[in-house]
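A short write-up of the structure that comes next.
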Amino acid sequence: ADASQIPTYLVSRLARRYVTVSLSGDGGDELFGGYNRYTWARSLDRIAGPLPLAVRRRLRRLLEAVPPSRWDALAGSLMAMLPPAYRQRQVGDKLHKLAEVLDAPDRAAAYGRLISQWKDASIAVPGVAAPGLPADTAANWPRLPRYEEQLMLLDALNYLPDDILVKLDRAAMAVSLEGRVPLLDHHLFALAWQLPFDLKVRDGKGKWILREVLARYLPRTLVERPKMGFGVPLDRWLRGDLRPWAEDLLAPAALATSGLFDVAAVRAVWQAHLGGARNHQYLLWPVLMFESWRRAQTPQA
């Protein structure tokens, strides 16, 4: 249920016209600190961590009191004044995600909230618990010197194999293309964890050493570019061209068929998204993917 499967599939289909084997850069972010959330989480932990829990809860309520669309409008002029490398998209949704993490009781809980789409899995699927993570308590939290490296390790053990590599393999093999990931060569993987952190993240930018190597062969203007996720405008698609398809899958009768979902809760999220009050694409897409898969597996009468 990772929407970046769409561009991954399209790129794979294009590549398959010319080659049977492709190379992917997956693993670079987890090994060399490429995700912006690592430095953001470190800053949040440093600033908010010492505050009493009651204060952090109050700050969360204040952040969530302002709709994401309003935060986006307020941040628009500020983003325009920043260098391109530091500009952020969907500021409102990111601030609301920050608010969810803000009052976490410990780092393990903060990480769980950081990577979760639904605040509580049982909201959408009553009675279900979120799947266990490699470190879901303070007792089994990684023993690494820096918070950023702790998050990188957890992503390497969880997000990378359970999402990124699955997505790549399925999208590529759907068109008979072999996808290889040279950055996950076991020698390079081991070397990456032995490197000092300042060779990975410097001046707030990740993958520093990879950038330096790449700059030997390409102009700096191509190397020092803003990070762009492999995303699609799913929020607009669900309100536009994909709306009839999504409405069919999210219809009350359709959701009730499996007996898994809280129909009212999912419908409320869908209506809020359609109305533009929130961008709930990341909550809705897993439900849509499950329902689409379920229909494909259900024998037709």
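Were the residues from Met79 through Ala277 laid out at 0.36 nm apart, the gain over their Cα-Cα distance would be 69.1 nm.
Using a simple spin-label model with pseudo-atoms 7 Å out from Cα toward Cβ, Asp203 and Ser69 lie 3.9 nm apart. Rounded to the nearest 0.05, the FRET efficiency derived from the C-beta distance between Ile123 and Leu218 at R0 = 35 Å is 0.15.
Of the trypsin sites (Lys or Arg not before Pro) found in region 6-114, those that fall in a DSSP loop while having at most 10 other beta-carbon atoms within 10 Å are Arg17. Note on P(r) over Cα pairs in 10 Å bins from 0, in percent: of the candidates (1) 6, 18, 13, 11, 11, 10, 8, 7, 6, 5, 3, 1, 0, 0; (2) 5, 20, 20, 11, 13, 15, 11, 4, 1, 0; (3) 5, 22, 33, 28, 11, 1, 0, the value calculated from this structure sits at (3).
With both labels modelled 7 Å from their Cα along Cα-to-Cβ, the Asp185 to Leu157 distance reads 2.6 nm. Using a Cα-Cα cut-off of under 17 Å, which lysines could be cross-linked to Lys200, ignoring same-chain neighbours fewer than 8 residues away? Output for Lys200: Lys227. Of the trypsin sites (Lys or Arg not before Pro) in region 178-245, the ones in a loop by DSSP (not H, G, I, E or B) with at most 13 other beta carbons within 10 Å are Arg216, Lys227. Full extension of the segment from Ala296 to Arg16, taken as 0.36 nm per residue of separation minus the current Cα-Cα distance, would add 98.2 nm. Of interest is the spacing of the C-alpha centroids, which for region 59-135 and region 226-279 amounts to 19 Å.
Here r is the Cβ-Cβ distance between Arg89 and Ala256 and R0 is 25 Å; the resulting FRET efficiency, rounded to 0.05, is 0.10. In plain terms, the residue of Met152, Met81 with the fewest other Cβ atoms within 10 Å comes first and the most crowded comes last, giving Met81, Met152.
The Leu195 and Ile115 beta-carbon pair, evaluated with R₀ = 22 Å, returns a calculated FRET efficiency of approximately 0.35. Placing a pseudo-label 7 Å from each Cα along the Cα-to-Cβ vector at Trp141 and Leu53 gives an inter-label distance of 1.4 nm. Be a star and scan region 145-163 for residues whose amide nitrogen sits under 16 Å from the point 7 Å along the Cα-to-Cβ vector of Arg46. Zone members listed by number: 145-151.
Determine the sum of side-chain charges near Ile209: Lys and Arg each +1, Asp and Glu each -1, restricted to other residues whose C-beta is under 12 angstrom from that of Ile209. Here the count lands on +4. Cβ crowding within 10 Å, taken as a proxy for footprinting-reagent exposure, orders Tyr18, Tyr9 from fewest neighbours to most as Tyr18, Tyr9.
Read the figures in this text as sums done on the coordinates, not as results from a lab. The shown structure was predicted, so the numbers you read here are calculated from the model rather than taken from an experiment. Using ideal geometry, Cβ is built from the backbone for each residue, glycine included, and neighbour counts are taken over all protein chains shown.
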